[in-house]
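One structure is given here, and the rest of the page talks about it.
The values are calculated or read from the model by the stated rules, or taken from the named source; none is laboratory data. Just so it is clear, the structure is predicted and the values come from calculations on it, not from any experiment. Cβ coordinates were reconstructed from backbone atoms using ideal geometry, including for glycine residues, and neighbour counts include every protein chain displayed. All accessible areas refer to the heavy atoms of the entire protein, side chains included, with ligands and DNA or RNA removed. Shrake-Rupley method; radii C 1.70, N 1.55, O 1.52, S 1.80 Å.
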Amino acid sequence: MCCKLKLVTQEHTHPALLAQRYRNKQQRTQSSEMAERESCSLGNGTSTAVYTNLLAPSEGIHSLLQDGLSFTPLDASSDGTIQPFSRSPKLQRKAAKTAQPSQEQLTRRIQELQAETSKTEARIQSLKKRKADLSRTTEVMKQQVREHFENMRCILKQDEQVILDSLELDLRHTRTKLDQVLKKWDNYHDQVTKSISSIQRTLSKSTTAKEGEQGHSETASLKKPDTSEKEIRLNEERFERLLKTLSSIAKNLKARLQRKTLLLDSFPIMIDRQSCHNLIRVTSEGRGMSFSGSACPAPEHPLQFDKVCCALGSSPITAGQSYWEVNVRCCSAWAVGVAYDTLERKGNDKGAKLGRNRNSWCVEFQSRNLTAWHNNRHISCQGVGQTPIRKVGVWVNYDKGQLIFYDAKNMVVLQKFSAAMTPVFDRAHHQFTQPLYPAIRFLRPPDNQVWPNHLEFCSQKFL
């Protein structure tokens with residue numbers, strides 16, 4: 001059995017011995033080199049060279065022992081591999097991978113894979129069931145939508161039939177009157193024809209003057225029917241009013257259907273009380289605010305507007321589509337919009353005013369003018385009628401960078417902000433870059449008007 005040795009260096013060695021050991025090492029090295037050269041030069045002298053080469057280490061070991069070095073045998077029972085240094089984690093992992101797994105490890109691995117297979121199959125079945133449930137649920141929803149639209153179509157069909165029946169009845173009454181007038185004119189025509197025939201007979205028979213006078217008296221007794229048939233006609237004025245009403249209903253229906261789609265994205269908005277100016281009083285439910293002539297004694301908050309009578313919503317918009325409405329009917333000068341949280345809160349310069357910077361967008365009404373503002377640029381809003389706006393609808397598509405303001409009554413677009421408006425508002429980004437907050441602001445009206453009173457985010461149940 002091969003015995004493994006461990007080299008141990010003596011603690012103290014004389015310098016003369018070290019020098020002698022170095023000379024002996026050089027001599028051994030030279031002897032080994034000469035032996036190798038001789039083995040290369042002799043074609044059949046390989047065994048001698050090998051013997052000489054093998055002998056040199058033995059002599060070297062003997063000389064090392066003589067020089068004061070010794071070998072300490074290891075424990076013969078040790079069967080581990082002796083490494084000069086510990087293996088790195090990478091080599092250990094590599095050795096673990098190349099090592100042949102045991103049968104117990106393979107059995108345990110099979111059990112783990114079988115358990116994972118069962119879990120995966122259960123997950124797949126669950127997903128398939130959800131997929132089928134989604135299809136069934138969607139079909140139920142589609143059927144409910146069809147029923148609602150079918151009910152609306154039935155109502156429209158019934159109303160259409162009522163209007164058509166009304167027109168038909170008007171036609172019958174008019175025809176009856178015309179038939180009566182036509183009958184009178186037919187009778188008159190017969191009488192005139194008879195008179196002509198009578199006169200012609202009189203002329204052909206050369207009757208006496210008495211008979212001629214009698215025919216002339218019959219002709220003179222003819223009476224024309226009343227010429228009031230010109231007034232007998234369909235009620236066209238009523239029909240024109242009907243057409244205007246139907247047109248208004250159609251426009252209103254279209255607006256309501258469009259608003260219905262937007263209301264699907266509506267969400268409740270509460271006013272962030274910490275952002276309100278100290279002259280603003282927030283209602284108890286947190287959706288409305290009123291202007292007060294006296295300042296609130298509460299301490300000033302870092303997020304509070306100190307000069308601009310403005311307030312922000314408490315919930316940010318960070319993705320998807322959102323819609324809300326603001327009741328402005330009780331305010332004579334207002335601004336409704338959205339803003340980043342980085343909108344300045346202190347001071348009265350354009351950095352703290354809605355629409356006067358890159359951090360906010362708005363539409364504002366002042367001095368009977370409705371304008372849209374962003375980046376301190378503005379344009380007049382389109383589609384504004386003579387009737388003051390009562391509700392402003394705000395729709396945001398955050399992912400596409402779109403912002404649209406509506407007249408919530410008829411869903412007329414007041415202004416649309418998007419990347420396409422770059423020439424007007426000098427948009428710097430194609431999408432929103434920060435969370436958006438709903439914003440409302442009181443504006444100072446002309447001197448001859450009282451200060452504005454109330455603005456309110458509409459509740460969902462009143463949308």
Worksheet entry | Top-ranked residue of region 414-440 - restricted to ones that are in a strand (DSSP E or B) and in contact with an Asp or Glu (Cβ under 8 Å, 6 or more places away or on another chain), ranked as modelled with the lowest pLDDT | Leu414
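Residues are listed down the side, and each one gets a yes or a no for (1) open to solvent by 30 Å² or more (accessible area, probe 1.4 Å); (2) of a type outside the set (Asp, Glu):
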position: Asp306; (1), (2): yes, no
position: Ala311; (1), (2): no, yes
position: Ser314; (1), (2): yes, yes
position: Tyr323; (1), (2): no, yes
position: Asp341; (1), (2): yes, no
position: Asp349; (1), (2): yes, no
position: Leu354; (1), (2): no, yes
position: Gly393; (1), (2): no, yes
Discussion item. Is it the case, given these coordinates, that Arg153 is under 18 Å from Leu257 (Cβ atoms) and assigned to a helix (DSSP H, G or I)?
Written reply: yes
Worksheet entry | Members of region 88-104 that are among the polar types (S, T, N, Q) and open to solvent by less than 90 Å² (accessible area, probe 1.4 Å) | Ser88, Ser102
Worksheet entry | Candidate set: region 327-344, residues that are assigned to a strand (DSSP E or B) and more than 22 Å from Asn397 (Cβ to Cβ); chosen: the one farthest from the chain's Cα centre (by Cα) | Trp334
Fill in: Among (1) open to solvent by less than 20 Å² (accessible area, probe 1.4 Å); (2) under 21 Å from Ser290 (Cα atoms); (3) at pLDDT 90 or above - the single one Leu443 does not satisfy
(3)
Worksheet item: Which pairs do you get when a residue that is assigned to a loop (DSSP other than H, G, I, E, B), found in region 315-326, comes within reach of a residue that is among the β-branched types (Val, Ile, Thr) and surrounded by 15 or more Cβ atoms within 10 Å (Cβ to Cβ), reach meaning Cβ atoms under 8 angstrom, with the pair 6+ apart or on two chains?
Response: Ser315/Ile269
Fill in: Within region 276-291, tally of residues that are hydrophobic (A, V, I, L, M, F, W, C), open to solvent by 30 Å² or more (accessible area, probe 1.4 Å) and in a loop (DSSP other than H, G, I, E, B)
1
Discussion item. Only one of Gln180, Gln200 is at pLDDT below 90 and either surrounded by 12 or more Cβ atoms within 10 Å (Cβ to Cβ) or closer than 30 Å to Lys254 by Cα (or both). Can you tell me which?
Written reply: Gln180
Discussion item. Looking at region 292-313 only, could you name the residues that are in a loop (DSSP other than H, G, I, E, B), touching a residue at least 60 places away in the same chain (Cβ under 8 Å) and within 25 Å of Cys458 (Cβ to Cβ)?
Written reply: Val308, Cys309
Fill in: Selection from region 345-399 of residues that are over 19 Å from Val308 (Cα atoms), assigned to a strand (DSSP E or B) and more than 27 Å from the chain's Cα centre (by Cα)
Asn369, Leu370, Ser380
